[in-house]
Amino acid sequence: MKTKISSPEFLEGFLRTAAGYDSDEGNPRVKEIVHRLLSDLCKAIDDLDITVDEFWHGANYLLRLGQAHETALLVAGLGLEHILDVREDELDENAGLAKDGATPRTIEGPLYVAGAPVVEGEAQLDDGTDTESDLMHLSGKVVDAVTGEVIPNATVEVWHCNSKGNYSFFDQSQSDFNMRRTIKTDNGQYTARSIVPSGYSVPPGNPTEQLLTLLGRHGSRPAHIHFFVHAPGYRHLTTQINLSDDPFCHDDFAYATRDELIVDAVEVNDPEKIAAAKMKGPYKELVFDFSLTKAADSDQEVRSSRARAAL
Ligand code: MBD
Ligand code: FE
């Protein structure tokens, strides 16, 4: 039954008070955002006739979500992180910053860890203990999206999961920074040796999975590899590549797949090629180049300031 929450005048005045508009103290931007979210929530409670039990169930869900360290995981799963990307794309378009051929951004996700070892040109990403996946050789170059010239002082930071879909740090059974490196390119070229990552699924039984189940959705991602790519004078790029042969490639619960970011893994069995690539045996070859656009100011050269794990 729709009510007026007493009267529109009461509610309007009350929300302004609750958001601190009667006070000269505090932060105006926080007041503005809280006022809007509180107003929209009250409207939803009334429009949808949300019961007291439903309300407290939801509040307790948020508590459990945070306790399970899954806030950012649900943000990805509800597509909010992707929506932020779509909005940034549109802002770029409107500002004339979008460039044909530039590598698209896609979500960072919740599993980055700052402080990975820095290596020159070539990286060994895995510690050799996970033998359940094929070997992977990943390489490419970082180029200017307009001129196509290599960007000599570019840096490629890379992270991916193991054969079980688990990421080091969050999976305490793995060595520190397993499958995480910061590669200073060799004249724009980067090379990484590792194992092929598996797909990812949200932790079973936890709050994120519980909500997805209530929505009739799954919590799986295709096999993918994350990157931060940056160079002085260029816009920071947060992106991922997805492996084309994964059944979830176009059914990612975090909506991170973009057509330009799908890569074929090519099987290499030729002993000469294996030796030339300094691989231990047959492997999957992945090649991906990053095209960066020029930064308009120094703020654009760095990643967002979101809170991140660090070791
Ligand atoms: C991941 O590995 C990931 O990249 C995202 C976006 C969400 C959950 C796990
Ligand atoms: Fe991931």
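Just so it is clear, none of the values below were taken in a lab; they were calculated from the coordinates. The shown structure was predicted, so the numbers you read here are calculated from the model rather than taken from an experiment. Counting neighbours? That spans all protein chains shown, and the Cβs are built from the backbone with ideal geometry, glycine included.
Descriptive notes on the structure:
- Here SER168 fulfils each of the conditions (1) within 15 Å of ligand 1 (Cβ to nearest atom); (2) without any contact (Cβ under 8 Å) to a residue 40 or more places away in the chain apart from (2).
- For the stretch 1-81, the helices (runs of 4 or more DSSP H) that sit wholly inside it and include 1 or more residues that are in contact (Cβ under 8 Å) with a residue 40 or more places away in the chain are 28-47, 52-67, 71-77.
- So LEU91, is it more than 18 Å from PHE227 (Cα to Cα), surrounded by 18 or more Cβ atoms within 10 Å (Cβ to Cβ) and under 20 Å from the mean Cα position of the chain (by Cα): no
- So GLY140, is it within 16 Å of ligand 1 (Cβ to nearest atom) and either crowded, with 20+ Cβ neighbours inside 10 Å or closer than 22 Å to LEU286 by Cβ (or both): no
- So PRO232, is it closer than 25 Å to THR185 by Cα and part of a loop (DSSP other than H, G, I, E, B): yes
- Qualifying residue in the stretch 209-217 (condition: in a loop (DSSP other than H, G, I, E, B) and not basic (Lys, Arg)): yes
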